Each structure stands twice: as C-alpha cells, then as structure tokens.
Amino acid sequence: MKELAIFAIIICLFSCRQKHTYNPEAIKLNDSAVLMQQSMAGVQLKARIGKDSFTKIQVALLNRATKIDSNYFLGYYSKFGIQYASNQYTDALVTGKEMLRLRPNDAVIKYLVGKIYDKTGDTIRARSYYKDYLSYCDHILDTMSKDNRQFKDTELQKALALILLNQPQKGHDILNKLYQEADNWHKDSYLLYMRLTKADLLVPKDTSISVGQNTTSINTAFP
C-alpha cells in the first residue's frame, strides 16, 4: 500500500499544477482508475481477478480519458505510472512521449521517461534526460537555502541521477553525507538508497529494511 500512497501524493502534486480546463468526463475516468486501487471494492476486485486483469481495467479507463481529451496530462501521467509499475515498458514509452509532447521542458518528466528509454535500450536518450534532471537538481540546490526542508530531498535526487548516469561513487558520496547528517528517523532510508544499484533504480519496486521492531520502506518508481 505504500506505493499507492506515494503515487496518490504525486497525482495530487500534478493536479495542483494543471492550469487548463479539461474535459470533466476525462477527469472522472482518471479518478476512477486511480482511486479504485485504494478502495475496498477495488482491493477485493483485484484479489478476485488478479493483478494483470485489474491493470487492464485501469489502463482501459485511462485510454478512454486521453481519447476524450488528448491534452489531459494527468490522464497520461496516471497511465504511465501504472504501465511502469507493471513493467509494460513499451507502452509506458508511448505514454511518456505524450507527456513530453505536453510538457517538453519538464525535467522531472524527462527523468521518468529517461528510465523507460534506458529499459528499452535507448541509453543515449536516457542519458540526455538524466543530465537535464541533474541540472535541474543543481539549479534548485544553488538557489535554495540549506535550511529548506526540500534541500536534502533534492540532494537525494541528485545522488540518484548520478547513479543512473553511471557515476555511482559520486552518488554514494552524497548518500553517505546524507546518512551521516540524518537523524535516526531518516538514517534507515538513506541506508536503503546506499544499497541500490542503477539496475535497482530502473525497476519500480518496494524495498525495505528492518532494524529491531522498526521497518523502513522506499519505492524506486519515483525520484
């Protein structure tokens, strides 16, 4: 369920950024596809028909949403997340290109689509998108106070981008710094990230660690 919470937060963030008026029916279909994953009825349906069939229903709803409104970014983003999490990389790349059509300069979207390009063999395009995201992180760090709560989060994202750019030592140097500076609440999360390789970052999955009675989890789907 943790990945669902993360995905819901991301959906909320992108919803807040949308400035255009989209087709109400497309919005309704998107919300149905996303929220059915968190409802009791959806959980029961998924248990009864299986994950693959459940995913097909979600994608079908989102296909209808983006057909009704071809500029509905959140519909593509929801579909991309489901396809990526289901390892449907070829389909996710098609969806990712639509997201880039709508937001060609969005460094976060480039980062996510870059991972799909990496998985499907276009490492040159992937590297270009990772570099854009790295520059995006550097810009934020250069203009943000270190006291800002997002500063360390951005340092983490920079570390992950460096690992994806085949510079694991630089990435792990940042992660080790974050680990040394972290309070006990966050140390385990950084310890988990320090164990990840580039291959791990390219596969959306939950990773957890247990220390005593405490269990810490991270999800590799989103930066």
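The values are calculated or read from the model by the stated rules, or taken from the named source; none is laboratory data. All values reported here derive from a predicted model rather than from experimental measurement. Methodologically, a virtual Cβ is constructed for each residue, glycine included, from the backbone with ideal geometry; neighbour enumeration extends over all protein chains shown.
Consider LYS146 carefully, then state whether it is of a type outside the set (Ser, Thr, Tyr), more than 16 Å from the chain's Cα centre (by Cα) and either more than 23 Å from LYS170 (Cβ to Cβ) or at pLDDT below 95 (or both).
The answer is yes for LYS146.
Would you mind stating whether VAL59 is crowded, with 17+ Cβ neighbours inside 10 Å and either within 13 Å of ILE27 (Cα to Cα) or at pLDDT 95 or above (or both)?
The answer is yes for VAL59.
If I go through region 66-83 residue by residue, how many of them are part of a loop (DSSP other than H, G, I, E, B) and more than 20 Å from the chain's Cα centre (by Cα)?
The qualifying residues number 3.
Tell me the residue from GLY114, GLY96 that is within 27 Å of ARG195 (Cβ to Cβ) and outside any loop (DSSP other than H, G, I, E, B), please.
Selected residue: GLY114, the only one of GLY114, GLY96 that is within 27 Å of ARG195 (Cβ to Cβ) and outside any loop (DSSP other than H, G, I, E, B).
With the condition being over 28 Å from THR90 (Cα atoms) and out of contact with any His (no Cβ under 8 Å at 6 or more places or on another chain), I'd like the helices (runs of 4 or more DSSP H) fully within region 143-223 carrying at least 3 qualifying residues.
By residue number, 151-164, 168-181, 184-194.
Identify, by number, the condition in (1) surrounded by fewer than 18 Cβ atoms within 10 Å (Cβ to Cβ); (2) in contact with a Pro (Cβ under 7 Å, 6 or more places away or on another chain); (3) among the polar types (S, T, N, Q) that ASN176 doesn't meet.
ASN176 satisfies all of (1) surrounded by fewer than 18 Cβ atoms within 10 Å (Cβ to Cβ); (2) in contact with a Pro (Cβ under 7 Å, 6 or more places away or on another chain); (3) among the polar types (S, T, N, Q) except (2).
With (1) more than 15 Å from the chain's Cα centre (by Cα); (2) surrounded by 17 or more Cβ atoms within 10 Å (Cβ to Cβ) as the list, and LYS170 as the residue in question, which single condition is left unmet?
Failing condition for LYS170: (2).
Can you find, within region 163-179, the residue that is nearest to TYR193 (Cα to Cα) among those that are free of Cβ contacts under 8 Å to residues at least 12 places away in the same chain and polar (S, T, N, Q)?
So the residue we want is GLN169.
Just name the residue that is surrounded by the most Cβ atoms within 10 Å (Cβ to Cβ) out of those in region 80-119 that are hydroxyl-bearing (Ser, Thr, Tyr) and farther than 27 Å from HIS139 by Cα.
Among residues in region 80-119 that are hydroxyl-bearing (Ser, Thr, Tyr) and farther than 27 Å from HIS139 by Cα, the one surrounded by the most Cβ atoms within 10 Å (Cβ to Cβ) is THR95.
Within the group LEU160, LEU134, which residue is touching a residue at least 12 places away in the same chain (Cβ under 8 Å), surrounded by 21 or more Cβ atoms within 10 Å (Cβ to Cβ) and under 29 Å from SER78 (Cβ atoms)?
LEU160
Give the residue, chosen from LEU100, LEU29, that is within 18 Å of the chain's Cα centre (by Cα) and not assigned by TED's automatic domain parsing to the domain that holds VAL203. Show your work before the answer.
Numbers: LEU29 fails: within 18 Å of the chain's Cα centre (by Cα).
Matching residue, one of LEU100, LEU29: LEU100.
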